[in-house]
Amino acid sequence: MSTDSTSLNLKKTVEQAEDFLPLLGTDFVELYVGNAKQAAYYYQQAWGFQPVAYAGLETGRKDSVSYVLQQDKIRLVLTSPLQPGGEINEHVNKHGDGVKVVALWVDDARKSYDETTNRGAESYVEPYVMEDEHGKVVISGIHTYGETVHLFVERSAYNGPFLPGYKKYEPRFQVEPTGLKFIDHMVGNVGWNEMNKWCEFYAKVMGFAQLVSFDDKDISTEYTALMSKVMSNGNGRIKFPINEPAEGKKKSQIEEYIDFYNGAGVQHIAVATDNIIDTVTKLRDRGVEFLYVPEVYYDTVLDRVGEIDEDLEPLKELGVLIDRDDEGYLLQIFTKPVLDRPTMFFEIIQRKGAQSFGKGNFKALFEAIEREQESRGTLQ
């Protein structure tokens, strides 16, 4: 992954955003998990991520172990405890496997920390320097919703495999990538009446602006509903939709998530591809399970979205959803939860000009999720 921010096109695309940090992109996403070695094998074998770095007993770390996996610009860190007690054990016990850190790539981690804490962010870690033979990295961090944190990572003076303290890891087993390119957006679920609070947090503390909002009329079925607002930084590289429950006849997916996660947290990670048919076919063939969309959805979808480049039949066979906005169309599909608890899942998205989030698919998507909830006995 390039660390030369001067070569990036950081043009401001969201004019309302103050963008005072600014953010260059997502540096990595760290999940606290019960068994990092086995989780790493799953993301390697099923998703096409390749291990690139490791930290643990062999590198002098005594309390935890971490595997770093990468595919194109997406970097996942899987961390497990090596001893009883402590923050990681508490996190896994309370939440199950889940996202702890959303790390953001910046030019100046000290400035990012000062800008955000001066605007009211709660400090997670004050700026500090990590250094080894490959150079140095500056890191700082703040708290956000639930127990999720943002780290600011300044790595322009570093050319190692990941961070100081990690060694290069090149296992013999090499997998073919599945065509995943970068993180398109990451969705946070928060509790009742907390959405506006956290949207205001991203606006005030991090200089984000609201791209779009959806109320319970937009995102509802006969049984459940939710509210959502999408926050974005100035260059559009970081987009955080924030969801909260809304009143419905039965328990919504957001309530189910909060019940099993025991609080607010990252609901799903949307990853981009340039060829959703090829990517989803590979993922499905490797065992990744997706939500079922009834065939009747495809009877009228082209009447709604108009002409598309792709043949409809393979999209129908895979269950890929289609939506259009003023700038183009998008193709998207959602996995079932990738963990034992019905909490985190992934979205695969291919944008053909569209900058929206699939509003036209919300009803079909929510009905698919409700069918899964019903099978789990949680649609009450």
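When residue 293 is tested against (1) crowded, with 18+ Cβ neighbours inside 10 Å; (2) at positive phi, only condition (2) is not met. The combined condition, being among the β-branched types (Val, Ile, Thr), in contact with an Asp or Glu (Cβ under 7 Å, 6 or more places away or on another chain) and more than 30 Å from residue 349 (Cα to Cα), is not fulfilled by residue 125. Among the residues of the stretch 190-202, the one identified as surrounded by fewer than 19 Cβ atoms within 10 Å (Cβ to Cβ) and either small (Gly, Ala, Ser) or under 17 Å from the mean Cα position of the chain (by Cα) (or both) is 191.
When 332, 253 are screened for being crowded, with 20+ Cβ neighbours inside 10 Å and within 21 Å of residue 48 (Cβ to Cβ), only 332 passes. For residue 144, state whether it is of a type in the set (S, T, N, Q), outside the structural domain of residue 206 (by TED's automatic domain parsing) and surrounded by fewer than 20 Cβ atoms within 10 Å (Cβ to Cβ). Answer is no for this residue. Of 263, 287, all but one fail to be surrounded by 16 or more Cβ atoms within 10 Å (Cβ to Cβ), assigned to a loop (DSSP other than H, G, I, E, B) and in contact (Cβ under 8 Å) with a residue 60 or more places away in the chain; the exception is 263. Is at least one residue of the stretch 316-326 in a helix (DSSP H, G or I), charged (D, E, K, R) and modelled with pLDDT of 95 or more? Checking the stretch 316-326: at least one residue is in a helix (DSSP H, G or I), charged (D, E, K, R) and modelled with pLDDT of 95 or more. Restricted to the stretch 53-109, and to residues there that are touching a residue at least 12 places away in the same chain (Cβ under 8 Å) and of a type in the set (S, T, N, Q), the residue that is surrounded by the fewest Cβ atoms within 10 Å (Cβ to Cβ) is 83.
Just to be sure I understand, how many residues within the stretch 169-189 are over 9 Å from the mean Cα position of the chain (by Cα) and part of a strand (DSSP E or B)? Selection size over the stretch 169-189: 4. Among what's in the stretch 87-133 and is over 18 Å from residue 186 (Cβ atoms) and of a type in the set (Phe, Trp, Tyr), pick the residue that is nearest to the chain's Cα centre (by Cα). Going through the qualifying residues, I end up with 113.
Condition check ((1) closer than 30 Å to residue 44 by Cβ; (2) assigned to a strand (DSSP E or B); (3) in contact with a strand residue (DSSP E or B) (Cβ under 8 Å, 6 or more places away or on another chain); (4) outside the structural domain of residue 289 (by TED's automatic domain parsing)) across all residues:
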| position | (1), (2), (3), (4) |
| --- | --- |
| 339 | yes, no, yes, no |
| 342 | yes, no, no, no |
| 346 | yes, yes, yes, no |
| 351 | yes, yes, yes, no |
| 355 | no, no, yes, no |
| 364 | no, no, yes, no |
| 367 | no, no, no, no |
| 372 | yes, no, no, no |
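For the residues 329, 298, the requirement of being in a helix (DSSP H, G or I), farther than 26 Å from residue 248 by Cβ and of a type outside the set (D, E, K, R) singles out 298. A search for C-beta distances below 6 Å between a residue of the stretch 150-165 that is among the charged types (D, E, K, R) and any residue that is at pLDDT below 95 and surrounded by fewer than 20 Cβ atoms within 10 Å (Cβ to Cβ), counting only pairs 6+ apart in sequence or on different chains, returns 155/3. Listed by first and then second residue, the pairs with beta-carbon distance under 7 Å, at least 6 apart or on different chains, first residue in the stretch 298-314 and modelled with pLDDT of 90 or more, second of a type in the set (Phe, Trp, Tyr) and surrounded by 13 or more Cβ atoms within 10 Å (Cβ to Cβ), are 305/329; 308/329; 312/298.
A Cβ distance below 7 Å, combined with a sequence gap of six or more or placement on separate chains, defines the contacts here; from the stretch 133-146, residues that are over 18 Å from residue 165 (Cα atoms) reach residues that are aliphatic (A, V, I, L, M) and assigned to a strand (DSSP E or B) in the pairs 141/125; 141/149; 141/151; 142/149; 143/149.
Scanning the stretch 24-41 for residues that are out of contact with any helix residue (DSSP H, G or I) (no Cβ under 8 Å at 6 or more places or on another chain) and touching a residue at least 24 places away in the same chain (Cβ under 8 Å) yields 25, 26, 27, 28, 29, 30, 35, 36, 37, 39, 40. Residues in the stretch 14-43 that are assigned to a helix (DSSP H, G or I) and buried (at least 20 other Cβ atoms within 10 Å of the Cβ): 36, 39, 40, 43. Tell me, please, whether a residue that is farther than 21 Å from residue 171 by Cβ and touching a Leu at 6+ places or on another chain (Cβ under 7 Å) can be found in the stretch 83-97. Checked against the condition, which is being farther than 21 Å from residue 171 by Cβ and touching a Leu at 6+ places or on another chain (Cβ under 7 Å), the stretch 83-97 yields at least one hit. If residue 146 meets every condition in (1) on the phi < 0 side of the Ramachandran plot; (2) in a loop (DSSP other than H, G, I, E, B); (3) not aromatic (Phe, Trp, Tyr) apart from one, which number is that one? That leaves (1) as the condition not met.
The values are calculated or read from the model by the stated rules, or taken from the named source; none is laboratory data. Because the structure is a prediction, the values reported are computed rather than measured. Don't worry about glycine lacking a Cβ; one is built from the backbone with ideal geometry, like all the others, and counts go over all protein chains shown.
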